[in-house]
Amino acid sequence: MIRAALFMSFLLSIFAAASTYALGLQQNAVEVDGVIRVMNSIHCTAKGETVCENLCGAKSCEWPEPLCRDCFGSGDAVLRDVFQTLVPTYEGVEAITDRQVVYKLLTRSTVLVANKSLYDFYNGSEDAGIAPHLQTLCGARDGFIAVELDDDNRPTSAFLAICTSPKGIAARRLRPAGAADMNENEESVLKLKLSNELRLSPPN
Amino acid sequence: MVTNATKWAVVCLATALTLSEAQAGLNASSFAPIEFSNRAQCALDSRLPARSVLVVGDGYDAGRLGFNIAKLNAGVSAGKETDAMETYRRAVGFTFTTVANRLLAGHLPLLDQQLRGLLSTCESTKKCRALDLELSELWKKSQDQALSSAQHVTCIKSDRFSALQGHLNKSRPSLSDLNELGALLSKSQPTCEQSSPTTDRFFLLQIDLPSVPKNFDSIGFDFWRSLKTYASWAWRSAPEVRAAMGRYAELFPGLALEDEVLLAPNGCRAITLPVCDLQRLSLDAVRELAKPPQTASGFEAELPNGPQFDLLTKGSRSVADGFLGTNGTATEEWVKNFSKRFNEARWVSRNKLQSVARTGSWLNQLSAATLTEDLKRDLERFSPEANPEFASQLAAVCVEARILRDPQFKVLRPDFESVLESGSTLGLSASELKNQKLLLPRVIEAVKTIGLNIKPICESLESSLFSKVSYDYGYLSDWARERMNGLVSQKSLPKETRVRGWNRPEPYLTLSEGKVEICRSPIACMQSVLKAYVDLYSVSVWSAALGRAHRLKDSNLFNPYAELNACKVYDPWFATDQANAMLTQRLITSALTAALPVPIFAEFESKRPQVKSFNTKIDNGAIRFEPEFSDESNRRTFFADLGPLTGAPCAVQYANEAGAPFQVYGVGGVTLNYCSDNKGSETELNDKSEGKTSAARRSICGGCTINLTSAVSSIAAAAPAGPIRFAFGAARAFSLYVNAQKDEKNRPISYIVRPEYVADAYSENRGSIPARCEPSLINGFRCFEDLCAANAAHVLETKTGLRATSAGIQYEGESTFTQQGPSSGTVGIRVNECDGEIMARVSCDPTMRRFEMRSEFSAFSRSCTALLERSQPGGVR
């Protein structure tokens, strides 16, 4: 009961602050104890924004990029689509709020494909990468394509285009071109996921 | 919760295992025996498991990963591509070596029925969690034992094709080859763990099993299958392998090992028992990509015939003659050429699959029936008569649809769809497979609908439009152009223009609110669907070789007779069986015709069976090929000796096909022969097809012999019919039999060289192997003068692990050392560990290379007797 109450208050605080905060999303490589790791982080930069504080107890949330099975190389069809034919393969649907971006990234097993990407085995230059597609989908050349992983940590589909700029982020949901919309009421699904999976255990 | 202490303990354990499992110094006994085989033997060897395997690797992805990391944070990994490639190469070698060592030591079990079931489920459904869990448990159990395990496996990084791969270049080793091997083994070989002075992008590792269980020939294929399964798991999950990956331990497991390396037997033996199915033929066809870039292969074809057709087209070919350029070449160059061609083919294939998937997804919203209706509307709205580009594209689509329908082009043939539908061979992941299963019927159905609907449109256009307007075939797709085989001389338009098609005033199919154009016109959409169908076939044909790999691939790169034998295109015993059968038949015929006034022999010789085509069968999702043989199976020869009639040693012969051997009496000498087909002997071999170009359908030969035989023949002429006549017939039969025995290609012949014996002979003779050593060394024995004694010494070494220092033989009834023909005797062998001779009775026939132990080893000396009692049976060497 106490947990549920805490969780509700946590959700309310996020919803209350939703309209005021701005986020920064980054990916970086670090070497710790002689092993290279890739870390993702969300920085809450605007005054009065509480989501990072609520989730991680700090001004930013940091979590390791999950190991994506068989993703380094040019063999994975999903990543191949992302780098070579993102726009004809996927189409942008509705715009997504910052709050929803945070939910989606933290509640789904996701890898972040950046323009200067860890996963880019396809393009010789950044101009030929995902930058032009990001520009088309969410208005800036910098940012990420979020790709969901299945239970075996293999990519299943790109589901989010996230553009980043000094002002914050702008995101749009993606769906495979020609496919019917899979989640009519995704918000409720997300809420369910939140209640089932996140459960007051923010990444630390 | 994993604590830091636990993590540290895991790292310590892994490091300890890494050190213990790393190889100590290599010596000549670290290598598997080297087998030299001719064509027929190579075909037979393909049914045996390999003991030496090459790992062909390209470190590009590892290097690119290092580069990508540097892009994320230059401080972490700037300029570390070479470091990443080297670490990767070492980790690959370590993975295979560690798994092989544990399997051979018995610390890891071979896959049992349950694990094979899980593996099969994992491959068909792409859900591998249950298998991974089982493997993880087995690995944990093996960890404790592995700390004290002995080395069973050797891994070297090969920088140049050398004497250790000499058997790829010839079927019989010479003295100079032995010297070259001796010289090579006198120096240390670079192990897989060693750092490399050169870049590690393209590498070739050689993994040898110098000592294997006695029953390896029966369990070897299970061994390699188990090794591949464990290695795939270990690459991603084993702590020891993570430790070997160093600073990339959190990254390299994301590289698909199965996609990054190719295993190839170092010789004629195989890693997987060859079967005649599409998967194996596709994998073995990769061999074509190891040839120079200018050599065309089916992989580059837009619409491939399939490896089974290529197998028939090429037929018998050369083997063990360096046909893949392995004679002294730098391995980096060799792997570079292969990887470049292989990667290009794979890239094209994956792009095709991607394009098919896109076509399939819009076909979900736009049916093929709608497309044809919209085309009809376009014909009414935009007059093709006034629009030559439109007319040209219509002409191209009509031709393409006709090609797909035309049985002569064999595109819409039954096996075509079988190949498409065997989704499991497409090498797709679970989600891809799910999509693909929806996609395939959609594309196939769309092509059929288009083919059906466009036929009346095209027929109508042929009478109303194409006879009036000028058009060309610039819009014809590459696949159709290729299938027309040069009939269309007009050049193709640039690809982008061709794909877009005629410039319809408004685009027909778009995405993202009109921002992205999919097809400019309905007819362009139709062309895309037809191309998707063709692409899907091409991808399916080569999926085992080029598709996404879910298990480590192996290809019989150096032995084309693996698949020729499996598909019954080549029978390695045919020549042997035929020689024996013909000897019997000729002797019987001679006896039967001995009473005739003129010796006449009629012979029926069975021809080597010719496979004319394959029947396709679907078996458990795999596409299997069953050979269909040509009806012509006998050669009929009629031979008459004219000596008795003409008084001269002359004969004539008629055969219903070219190439029948012609011989008067078969005794050597100056012989004047003439054959109408001009085909004296078998065509010299090369890697292309051989001896198939002769147009002669039959042969008529005549000849006279001027030598000792003449005299004999004259006597034969005068001799009365009866036993003497038979003697001449028999002489001819035996002579032809002896000739047949000399067939160095089609009768199995092999030589075996044991590197440690060569190294010992080389060092004992101050850096040069004497000629007297050659016979015993190329038969797999130590350098002892008598082959029978050398053979017995080898048996003693294998059984006891002792080393023979001398070996001699006393033949029964004689005292000579070297014997020809079958004989028996007693061998005496000396070893350093005791002061007397170890003896055994043997019988052998060095000419026929037969050897038999007729007693156990024994000794008069007490020390030798005690030594023999202490010695335990060892492994096979």
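Counting only other chain Cβ atoms within 10 Å of each residue's Cβ, the peptide A:77-84 averages 3.
When the listed pairs B:LYS291/B:LYS336; B:LYS291/B:LYS531; B:LYS170/B:LYS745; B:LYS352/B:LYS495 are checked against a 18 Å cut-off, the alpha-carbon distance exceeds it for B:LYS291/B:LYS531. Too long at a 31 Å Cα-Cα cut-off: which of A:LYS116/B:LYS515; B:LYS126/B:LYS340; B:LYS126/B:LYS568; B:LYS127/B:LYS553; B:LYS448/B:LYS553; A:LYS59/B:LYS126? Among A:LYS116/B:LYS515; B:LYS126/B:LYS340; B:LYS126/B:LYS568; B:LYS127/B:LYS553; B:LYS448/B:LYS553; A:LYS59/B:LYS126, the Cα-Cα distance tops 31 Å for B:LYS126/B:LYS568; B:LYS448/B:LYS553; A:LYS59/B:LYS126. Close amide H partners of A:ALA171, meaning residues 5 or more places away or on another chain with modelled amide H under 5 Å apart, are A:ILE96, A:CYS163. Remark on B:SER768: its backbone amide H falls under 5 Å from none of the residues 5 or more positions apart or on other chains, H modelled at 1.01 Å from N. Counting only protein heavy atoms and a 1.4 Å probe, segment B:107-247 has 41 square angstrom of accessible area per residue. Its Cα gyration tensor gives segment B:162-232 an equivalent ellipsoid. The semi-axes, each the square root of 5 times an eigenvalue, are 26, 22, 12 Å from largest down. Taking a Cβ cut-off of under 12 Å around A:ARG37, the surrounding Lys, Arg, Asp and Glu residues balance to a net charge of -4, with basic ones at +1 and acidic ones at -1. Each residue of segment B:759-765 was assigned a 3J(HN,Hα) from its phi angle through the Karplus expression (A = 6.51, B = -1.76, C = 1.60, θ = phi - 60°), giving 4, 5, 4, 5, 6, 5, 10 Hz with x at Gly and Pro. Of the peptides B:314-327, B:86-99, B:280-293, the ranking by mean beta-carbon count within 10 Å, highest at the top, reads B:86-99, B:280-293, B:314-327.
For the residues of A:35-42, the average number of beta carbons from a partner chain within 10 Å of their own beta carbon is 5. Radius of gyration over Kirkwood radius for segment B:784-870, both on Cα atoms: the Rg/Rh ratio is 0.96. Solvent-free Debye calculation, one equal scatterer per alpha-carbon of segment B:155-305: log10 I(q)/I(0) at 0.09, 0.15, 0.18, 0.21 Å⁻¹ equals -0.41, -1.18, -1.49, -1.53. Per-residue mean of foreign Cβ neighbours for B:246-254 is 6 (Cβ atoms of other chains, 10 Å radius).
Residue-wise HN-Hα couplings along segment B:82-89, as the Karplus relation 6.51 cos²θ - 1.76 cosθ + 1.60 with θ = phi - 60° gives them from phi, are 5, 5, 5, 5, 5, 4, 4, 4 Hz; Gly and Pro carry x.
The values are calculated or read from the model by the stated rules, or taken from the named source; none is laboratory data. These numbers were taken from a predicted model, which means no experiment stands behind them. Glycine gets a Cβ as well: all are built from the backbone with ideal geometry, and neighbour counts include every protein chain shown. To get the accessible areas, we keep the full protein, side chains included, count just its heavy atoms, and leave off ligands, DNA and RNA. Shrake-Rupley method; radii C 1.70, N 1.55, O 1.52, S 1.80 Å.
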